[in-house]
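Engineer: Got a structure for you, written out below as structure tokens; questions coming shortly.
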Amino acid sequence: MKIGISCYPTYGGSGVLATELGKALADEGHQVHFITYQQPVRLNVFNANIFYHEVRVPTYPLFDYPPYEIALASTMVDVIVNHDLDIMHVHYAIPHASAAYMAKQIVLQQTGRNIPVITTLHGTDITLVGRDKTYAPVVTFSINQSDVITAVSQNLKDETLKSFTITKEIEVITNFVDLERFNIQAIDAFRKVIAPKGEKILVHASNFRKVKRVQDVVKAFAEIRQHVPVKLLMVGDGPERPVMEDLVRELNIDEDVRFVGKQEQIEEILAVSDIFLLPSEYESFGLAALEAMAAHNIVISSNAGGLPEINIHGKTGYLTPVGDVEAIKVAALEVLQDDKKLQQMKQAAFEQAQKFDIHHILPKYEELYSRYCRMDVCSKA
Ligand code: GMT
């Protein structure tokens, strides 16, 4: 099949998922066309089946707000028509679903072809931004106009149905992880640099937005380190990072905390880590936590959103109430003071991640594509 994918190309979970999906589809022999304003960060391999089409947004002195959505829709039209795409799959509703709707109508009018559009809802496109009155009418309309709507967790499906009037079935296809990539040997020298005395390593990775409650990570860590020798790795970047760096200095724990910024080789960091902390106010799924589990990390997360669908309390990690720093501390100490338990839970976390292996989830998308693609026009590759 020839599949178009639009997503946010930067470090957000939806872009990561969309890119990994595209790479896996290309490995299966499909032709995949990424249509984004920048090369997706995880699109770091050459594959003859992968094409990247950059959306250029010409500016003009009149434009305080350059019209990205129009440029995106126009690029979609160009790629759909000139590369004879079979299906258009957009990730994160805003503005991808409405751009795809516009492109679909233009292609229909120009060529008579009715290209199927799949919209995958990821999280804040529904729970935060999409709900905003400014966007809601267009988001509702364009989601409903998609030929297929998927959500990355049951929780996100429920939230979507609660907040929007949706006239179609929403199919849940959960996020996935490439186990081969994350189940790797730790680089010993790297672990020694971070934790020279064999301290256990806690890690947090996100885009440092308020919804992640990164302050709970720092505060809990400050408490934990009073009882056991530990180090903390903070991966990623975003608006809250400078605030957190200040907090770390204020709490006088900077010698044990490293902010490493955005990292492409996150699997190498996770391979040396023991506990992944994700105290978010909301996560539709928590892809970062799943990747950590695939790297044998236990997860201490909040119990918000779809997190209980992947993190099993007392087995693969712990679920704590949002904002409950004390509960994070208690949970961490339970395993940090009992190595046997930590090792057991690490294995359970890995086994749980296996259920979300890409090889189980990819066929679900392929099945969906074939269902909506006309048999006479769709061919593999
Ligand atoms: O909030 C983020 O981390 C980015 C955001 C995105 O859409 O780029 O992530 C959302 O989608 C991810 C992939 O499906 C999910 O794993 C995250 O849980 C979800 N984030 C939120 O719901 C806050």
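The values are calculated or read from the model by the stated rules, or taken from the named source; none is laboratory data. Source: prediction; values computed, not measured. Note: ideal-geometry Cβ built from the backbone for every residue, glycine included; neighbour counts use all protein chains shown. Just so you know, the surface numbers come from the protein's heavy atoms only, side chains and all, with ligands and any DNA or RNA stripped out. Shrake-Rupley method; radii C 1.70, N 1.55, O 1.52, S 1.80 Å.
Engineer: Only one of Leu156, Leu121 is in contact with a Leu (Cβ under 7 Å, 6 or more places away or on another chain), crowded, with 21+ Cβ neighbours inside 10 Å and under 15 Å from Ser98 (Cβ atoms). Can you tell me which?
Structural biologist: When all the criteria are applied, what remains is Leu121.
Engineer: May I ask you to list the residues in region 178-209 that are of a type in the set (Lys, Arg), in a helix (DSSP H, G or I) and exposed (fewer than 14 other Cβ atoms within 10 Å of the Cβ)?
Structural biologist: Lys192
Engineer: In this structure, is Leu277 in the same structural domain as Ala222 (by TED's automatic domain parsing), within 22 Å of Phe182 (Cα to Cα), in contact with a Gly (Cβ under 9 Å, 6 or more places away or on another chain) and within 16 Å of the ligand (Cβ to nearest atom)?
Structural biologist: no
Engineer: So which pairs qualify, if the first residue must be in region 203-220 and not assigned by TED's automatic domain parsing to the domain that holds Val248, the second must be of a type outside the set (Lys, Arg) and surrounded by fewer than 23 Cβ atoms within 10 Å (Cβ to Cβ), the Cβ gap must be under 7 Å, and the two must be at least 6 apart or on different chains?
Structural biologist: That search, which allows pairs on different chains as well, returns nothing.
Engineer: Still on this structure, please answer the following. Only one of His89, His83 is open to solvent by less than 10 Å² (accessible area, probe 1.4 Å), outside the structural domain of Phe285 (by TED's automatic domain parsing) and touching a residue at least 60 places away in the same chain (Cβ under 8 Å); which?
Structural biologist: After applying the criteria, what remains is His89.
Engineer: Being open to solvent by less than 10 Å² (accessible area, probe 1.4 Å) and within 13 Å of the ligand (Cβ to nearest atom) is the filter here; which residues of region 124-153 pass it?
Structural biologist: Within region 124-153, Asp125, Ile126, Gly130, Thr150, Ala151, Val152, Ser153 qualify.
Engineer: Shifting gears a bit: For region 104-118, check the following and say yes or no: at least one residue is open to solvent by 50 Å² or more (accessible area, probe 1.4 Å), at positive phi and out of contact with any helix residue (DSSP H, G or I) (no Cβ under 8 Å at 6 or more places or on another chain).
Structural biologist: There is at least one residue in region 104-118 that is open to solvent by 50 Å² or more (accessible area, probe 1.4 Å), at positive phi and out of contact with any helix residue (DSSP H, G or I) (no Cβ under 8 Å at 6 or more places or on another chain).
Conditions tested, residue by residue: (1) open to solvent by less than 30 Å² (accessible area, probe 1.4 Å); (2) in a loop (DSSP other than H, G, I, E, B).
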| position | (1), (2) |
| --- | --- |
| Leu21 | yes, no |
| Ala24 | yes, no |
| Leu43 | yes, yes |
| Tyr52 | no, no |
| Arg56 | no, yes |
| Thr59 | no, yes |
| Leu62 | no, yes |
| Ala73 | yes, no |
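Engineer: Could you run through region 282-306 and say how many residues are in a strand (DSSP E or B) and either within 13 Å of the ligand (Cβ to nearest atom) or open to solvent by 20 Å² or more (accessible area, probe 1.4 Å) (or both)?
Structural biologist: So the count comes out to 3.
Engineer: So which residues in region 7-39 are within 13 Å of the ligand (Cβ to nearest atom) and within 21 Å of Ala151 (Cβ to Cβ), if there are any at all?
Structural biologist: Correct list: Cys7, Tyr8, Gly12, Gly13, Ser14, Gly15, Val16, Leu17, Ala18, Thr19, Glu20, Leu21.
Engineer: Here's a follow-up. Could you list, in sequence order, all residues of region 198-234 that are within 17 Å of Val260 (Cβ to Cβ), within 16 Å of the ligand (Cβ to nearest atom) and in contact with a helix residue (DSSP H, G or I) (Cβ under 6 Å, 6 or more places away or on another chain)?
Structural biologist: His204, Ala205, Ser206, Phe208, Val214
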